[in-house]
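What follows is a set of notes on a single structure, which appears directly below.
Every number here is computed from the coordinates shown, using simple stated rules; none is lab data. The structure presented is a predicted model; accordingly, all values stated were derived computationally and were not measured. Positions of Cβ are backbone-derived with ideal geometry, glycine not excepted, and every protein chain shown enters the neighbour counts.
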Amino acid sequence: MSLNLRNAIIHNVSGNSQDELKATIVDAIQNGEEKMLPGLGVLFEVIWQNSSDQDKTEMLQTLETGLK
């Protein structure tokens, strides 16, 4: 049986409200479990793909600052 993890994650959160999405993200970060990283990666991929160039630049600046 072939499982597409990306599609499964998107399916699980599709239709969620902003509050539900925020709770999912906060929970994943607070738990700090490695198994949550793919889900956060998929959510970031969706954000990236749906962001303007200006938004992407701001995200990269925030990331760069956070990694210093």
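Selection of the range 17-34 for residues being of a type in the set (S, T, N, Q) and in a helix (DSSP H, G or I) yields Gln18, Thr24, Gln30, Asn31. Scanning the range 26-33 for any residue that is touching a Leu at 6+ places or on another chain (Cβ under 9 Å) and without any contact (Cβ under 8 Å) to a residue 12 or more places away in the chain turns up at least one such residue.
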